[in-house]
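First up is the structure itself, then whatever we jot down about it.
The values are calculated or read from the model by the stated rules, or taken from the named source; none is laboratory data. The shown structure was predicted, so the numbers you read here are calculated from the model rather than taken from an experiment. With ideal geometry, Cβ positions are generated from the backbone for all residues, glycine too; neighbour counts draw on all protein chains shown. Protein only, heavy atoms only, side chains kept; ligands, DNA and RNA dropped before computing areas. Shrake-Rupley method; radii C 1.70, N 1.55, O 1.52, S 1.80 Å.
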Amino acid sequence: SNSDRYSMNYWKIEFNDLPSLGQYYDSNTEIRIRTMTVRDVKYLATFNKSNAITITNELLQRCLKLKHLKFEDILLADREYLLFWLRTNTFIRSSGYQIKIPECPTCKNSIEQEVKLNSFKTDYIKSKSDTCFLDGLNIAIPLKHPTIKDLKDARLVENDEFLDLALYIDTDNSLQDKVKFIMNLQGMDFVNLKYTIDQMKCGMHKTIQVKCPICGEITDVKLIVADENMFTHTSIKEILELITRIAKYANLQITDDWPWMEVEIEQEIVNKMIKDENTETQKEIAKAKSQANAHTPSTSSVKHPRI
């Protein structure tokens, strides 16, 4: 069956490629990942801002095979790495990020550039946990690297800017309480906490240097990488049109188990077939025209010399 045909295509993720270097996982842990199928990409079409975390987690979980590791115990920095892997290896045509700078600070030229995902640098984990001493409150706050489990209440948090810090606090309080605690910190305590967490952080660098093609000025661009912009959004209608077109021209029956990557490759083949066909048709028309012209008596008035 079709599903057997693709059941073997899982790639092993090596610990030393992960931002966490696997330090939080059992030494017998194994993480394997496959690319997304047509079914997965159809599911992506139901995506919106409010369900982004849930759907992203469901899709990632579907694509992973884990040994000696629960999905919810994956570090958030590793989750992001795995999502980037999925995006790069599933979508051939849109595997990068489109960066648009309205105007270069020096020459005012607008810049558009695609940044490939492998050009992101990765910061690897330095220590598993840390403590931050807050002088103002005279308390020590235990810190940890957050996991997928810690994300479950993230949707309930109003204040996004403090959520990132709250996830690192290692106490039994709710995520909302942690956010409130951070919001009420005095200046120096807040700076101290933020600095300590920033030092702990591992994962992909979101700042990219973009060079202006006109004047060579380099601009730092900070990418906002969130679940809602992780994947290209496609509508069900576009997916079905694409599949129908391939079925028509390549006589292929594409099922939900097909890897999406193969669908994109077939699309390129079909586009080339159509282009070549059009070129052939144009040649045939031109040939037919020139033959027709050759058989038509000449209308030019050439005077024949008398003998």
Next on the checklist: For segment 249-264, give me the residue count where each residue is in a helix (DSSP H, G or I) and within 26 Å of ARG87 (Cβ to Cβ).
Outcome noted: 6
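With the structure loaded, tell me whether LEU223 is touching a strand residue (DSSP E or B) at 6+ places or on another chain (Cβ under 7 Å) and either in contact (Cβ under 8 Å) with a residue 40 or more places away in the chain or over 25 Å from LEU151 (Cβ atoms) (or both) or whether it fails that test.
Yes.
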Checklist outcome for this item: Log entry, pairs with first residue in segment 176-202 being closer than 12 Å to ILE141 by Cβ, second being of a type outside the set (Gly, Ala, Ser) and assigned to a helix (DSSP H, G or I), beta carbons closer than 6 Å, six or more apart or on different chains, reads ILE182/PHE162; ILE182/LEU165; ILE197/LEU165
Item to check | Candidate set: segment 265-280, residues that are under 27 Å from the mean Cα position of the chain (by Cα) and surrounded by 11 or more Cβ atoms within 10 Å (Cβ to Cβ); chosen: the one nearest to ARG87 (Cα to Cα) | outcome: ILE265
Checklist entry - When only residues in segment 116-169 that are in contact (Cβ under 8 Å) with a residue 60 or more places away in the chain and aromatic (Phe, Trp, Tyr) count, which is nearest to MET230 (Cα to Cα)? => result PHE120
Next on the checklist: Can you tell me which residue is farthest from the chain's Cα centre (by Cα) among those in segment 207-217 that are surrounded by 12 or more Cβ atoms within 10 Å (Cβ to Cβ) and outside any loop (DSSP other than H, G, I, E, B)?
Outcome noted: LYS211
Checklist entry - Quick one: is ASP164 outside any loop (DSSP other than H, G, I, E, B), over 29 Å from GLN98 (Cβ atoms) and at pLDDT below 95? => result no
Checklist outcome for this item: In segment 224-264, residues that are loosely packed, with under 15 Cβ neighbours inside 10 Å, among the hydrophobic types (A, V, I, L, M, F, W, C) and modelled with pLDDT of 90 or more total 1
Next on the checklist: Looking at segment 167-205 only, could you name the residues that are part of a loop (DSSP other than H, G, I, E, B) and within 27 Å of VAL115 (Cα to Cα)?
Outcome noted: LYS201, CYS202, HIS205
Checklist entry - Within the set of pairs 6 or more residues apart or between chains, which connect a residue that is open to solvent by 90 Å² or more (accessible area, probe 1.4 Å) inside segment 6-18 to a residue that is among the acidic types (Asp, Glu) and modelled with pLDDT of 85 or more with Cβ atoms less than 8 Å apart? => result LYS12/GLU30
Checklist entry - Restricting attention to segment 43-60, which residues are open to solvent by 20 Å² or more (accessible area, probe 1.4 Å) and either over 16 Å from the mean Cα position of the chain (by Cα) or polar (S, T, N, Q) (or both)? => result THR46, ASN48, SER50, ASN51, THR54, ASN57
Item to check | Residues being open to solvent by 20 Å² or more (accessible area, probe 1.4 Å) and without any contact (Cβ under 8 Å) to a residue 24 or more places away in the chain - total across segment 61-105 | outcome: 7
Next on the checklist: Restricting to segment 180-206, name every residue that is within 28 Å of the chain's Cα centre (by Cα) and open to solvent by less than 70 Å² (accessible area, probe 1.4 Å).
Outcome noted: ILE197, ASP198, MET200, LYS201, CYS202, GLY203, MET204, LYS206
Item to check | Exclusive hit being closer than 30 Å to LEU240 by Cα and at pLDDT 95 or above, set ARG5, ARG39, ARG32 | outcome: ARG32
